[in-house]
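Below is one structure, written out as structure tokens; comments come after it.
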Amino acid sequence: MKKSVLKILALALVAVMAVSALAACGGSSSGGSSAGTEDTGSAAAPADETAEAAPLTINEGQLIMATNAYFPPYEYYEGEEIVGIDAEIAAAVAERLGLELVIEDIEFDSIIAGIQTGKYDIGLAGMTVTEDRLQSVNFSTPYATGIQSIIVPEGSPITNLDDLLEGDYIVGVQSGTTGDIYMTDDVGEERVDRYSKGNDAVLALMQGKVDAVVIDNQPAIAFVAANEGLMILETPYTVEDYAMAIAKENTALLEQVNAILAELEADGTLQSIIDSYITAE
Ligand code: ARG
């Protein structure tokens, strides 16, 4: 009984959607058929293509990428400009889509919501694919691997993951990252201090406000290189896949991005971008 009611409701919804879609079509075609468009009738095929490509991005001609640009070597500032692996991969994707790349630097934990609400087309932020996030957005094919690493001051009593988990230590993390999520799960809220940027967590470590920082390994290497007296523990915390986040309903963009990623992988572009930022040990 209940099932059939649901079915009828679903059918009704489809009908309403179909009608409003028709209405929208009627509206836009009458609105859009200004004088002059009629006589380009010979270009029927390209016009169709444009019609399909148009809803791919929020602003016509642009690919708006959300990131949090304090995450070297994936995204960081060089003067005014945001550079890094993610910025370059996004630029290569945008170029192949024939779009201008626009990068917005926002809080890491606002990226997914911004994509869901249609503020940004794509999120590239060394972002780990997780089951939870997959409830909210789609992810492209992974383009890199990350590891959650543990940074401690040289000479710290914390020498491995077990020390960190079992002791009474306070851990600094970037808010909303997998480091935050997994640490909070493993040691509880009270022992996790959240910072809006990775560097702020590292600064807190330098100042002795936290005992360790859990963050992705490449930024960890960069932060340790930039600050004396820190080291990375040998035992990694987790291994993860990085991918691009795209709104659930924008499957057209997802498909195109995945096709381009496959090309960039096949022709070596992806690897050469990564190699230009990460030197193999
Ligand atoms: N990989 C981690 C995550 O997805 C951290 C990413 C942080 N990225 C950044 N651009 N700040 O949660």
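The values are calculated or read from the model by the stated rules, or taken from the named source; none is laboratory data. The shown structure was predicted, so the numbers you read here are calculated from the model rather than taken from an experiment. Please note: Cβ atoms are built from the backbone with ideal geometry, for glycine as well, and neighbour counts cover all protein chains shown. Surface accessibility is based on the protein's heavy atoms, side chains included, excluding ligands, DNA and RNA. Shrake-Rupley method; radii C 1.70, N 1.55, O 1.52, S 1.80 Å.
Output the number of the condition that Asn258 fails; it satisfies all remaining conditions of (1) in a helix (DSSP H, G or I); (2) over 16 Å from the mean Cα position of the chain (by Cα); (3) surrounded by fewer than 19 Cβ atoms within 10 Å (Cβ to Cβ).
Checking Asn258 against (1) in a helix (DSSP H, G or I); (2) over 16 Å from the mean Cα position of the chain (by Cα); (3) surrounded by fewer than 19 Cβ atoms within 10 Å (Cβ to Cβ), the one that fails is (2).
Taking into account only those residues within the range 55-95 that are assigned to a loop (DSSP other than H, G, I, E, B) and open to solvent by 40 Å² or more (accessible area, probe 1.4 Å), which is farthest from Glu255 (Cα to Cα)?
Gly79
Considering only the range 137-163, how many residues are within 15 Å of the ligand (Cβ to nearest atom) and in a loop (DSSP other than H, G, I, E, B)?
Of the residues in that region, 3 qualify.
Could you say whether any residue in the range 262-274 is part of a loop (DSSP other than H, G, I, E, B), over 28 Å from Leu165 (Cβ atoms) and in contact with a strand residue (DSSP E or B) (Cβ under 6 Å, 6 or more places away or on another chain)?
Just the residues of the range 262-274 that are part of a loop (DSSP other than H, G, I, E, B), to begin with: 267-268.
In the following step, the residues that additionally are over 28 Å from Leu165 (Cβ atoms) were identified as 267-268.
From what's left, in contact with a strand residue (DSSP E or B) (Cβ under 6 Å, 6 or more places away or on another chain): none.
Within the range 262-274, none of the residues are part of a loop (DSSP other than H, G, I, E, B), over 28 Å from Leu165 (Cβ atoms) and in contact with a strand residue (DSSP E or B) (Cβ under 6 Å, 6 or more places away or on another chain).
Quick one: in the range 121-140, which of the residues that are in contact with a Lys or Arg (Cβ under 9 Å, 6 or more places away or on another chain) and open to solvent by less than 10 Å² (accessible area, probe 1.4 Å) is farthest from Thr67 (Cα to Cα)?
Looking at the filtered set, the residue picked out is Val137.
Scan the range 164-171 and tell me whether some residue there is in contact (Cβ under 8 Å) with a residue 24 or more places away in the chain, open to solvent by 50 Å² or more (accessible area, probe 1.4 Å) and within 11 Å of the ligand (Cβ to nearest atom).
no
For residues that are in a loop (DSSP other than H, G, I, E, B) and closer than 16 Å to Leu164 by Cα, scanning just the range 189-228, find the one that is least open to solvent (accessible area, probe 1.4 Å).
Quick first cut of the range 189-228, residues in a loop (DSSP other than H, G, I, E, B) only: 196-197, 207-211, 227-228.
Adding the requirement that they be closer than 16 Å to Leu164 by Cα leaves 208-211.
On the way: Gly208: 58, Lys209: 128, Val210: 5, Asp211: 56 Å².
Result: Val210.
Is it fair to say Met231 is open to solvent by 50 Å² or more (accessible area, probe 1.4 Å) and not charged (D, E, K, R)?
Yes, satisfied.
Just name the residue that is nearest to the ligand (Cβ to nearest atom) out of those in the range 123-136 that are assigned to a loop (DSSP other than H, G, I, E, B) and not aliphatic (A, V, I, L, M).
At the first step, the residues of the range 123-136 found to be assigned to a loop (DSSP other than H, G, I, E, B) are 124-127, 129-130, 135-136.
Right, trim to not aliphatic (A, V, I, L, M) and you get 126, 130, 135-136.
Details: Gly126: 4, Thr130: 7, Gln135: 15, Ser136: 13 Å.
Top of the filtered list is Gly126.
Kindly indicate whether any position in the range 107-114 is open to solvent by less than 50 Å² (accessible area, probe 1.4 Å) and more than 15 Å from Ala247 (Cα to Cα).
Looking through the range 107-114, at least one residue is open to solvent by less than 50 Å² (accessible area, probe 1.4 Å) and more than 15 Å from Ala247 (Cα to Cα).
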